[in-house]
Amino acid sequence: MDGNTRDQTSRQPNGARETQILALLQHAGGALTPGEVVERLQAELTYSTVVTILTRMHGKGMLHRSPRGRAYAYAPVTDDAGFAARRMRSVLDDRPDREAVLARFADELSDADADLLRQMLGDTDDGGTDGTDR
């Protein structure tokens, strides 16, 4: 039954819906209106549900929007790596002891990731590439 499929999809948690729509927008190659999102989702969600989700995501700072005709067109503010970095920053910002969080994070990095982070931070001292001097 078509109604049951739509009902089951519409009962997904909000985070799952946002993830689905964000992935669609990231691969769209440009901003999309709510109607275009509904079309690409092949009617998995109703137009009003998509408008609500897009509006909420815009309010959270996840999407840019610009007027297009009588609607808005939405696009992600960053790519997938940018969103991951924002989540990491949010976790760090929520903790009172930033130094302890960063130290624990660094201690748990693989050797390759630690070397990459050192390189990105401009630490050209290659004195400890075995990862023991973290």
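The values are calculated or read from the model by the stated rules, or taken from the named source; none is laboratory data. The shown structure was predicted, so the numbers you read here are calculated from the model rather than taken from an experiment. Cβ atoms come from the backbone with ideal geometry, glycine included; neighbour counts cover every protein chain shown.
Of everything in segment 19-53 that is among the charged types (D, E, K, R) and not in a loop (DSSP other than H, G, I, E, B), the residue that is surrounded by the most Cβ atoms within 10 Å (Cβ to Cβ) is E36.
Can you confirm whether G15 is loosely packed, with under 11 Cβ neighbours inside 10 Å, not in a helix (DSSP H, G or I) and not polar (S, T, N, Q)?
Considered against the rule, which asks whether it is loosely packed, with under 11 Cβ neighbours inside 10 Å, not in a helix (DSSP H, G or I) and not polar (S, T, N, Q), G15 comes out as no.
The set of residues from segment 59-73 being in contact with a helix residue (DSSP H, G or I) (Cβ under 9 Å, 6 or more places away or on another chain) and assigned to a strand (DSSP E or B) comprises L63, H64, R65, A71, Y72, A73. Annotation note: of R86, R134, R56, the sole residue that is modelled with pLDDT under 90, surrounded by 12 or more Cβ atoms within 10 Å (Cβ to Cβ), charged (D, E, K, R) and assigned to a helix (DSSP H, G or I) is R86.
Filtering segment 20-72 to residues that are in contact with a Gly (Cβ under 7 Å, 6 or more places away or on another chain) and touching a residue at least 40 places away in the same chain (Cβ under 8 Å) leaves nothing. Considering segment 89-122, and only residues there that are surrounded by 11 or more Cβ atoms within 10 Å (Cβ to Cβ) and of a type in the set (D, E), the residue that is nearest to L25 (Cα to Cα) turns out to be D113.
Per this entry, L63 is counted among residues that are at pLDDT 95 or above, under 29 Å from L117 (Cα atoms) and of a type in the set (A, V, I, L, M, F, W, C).
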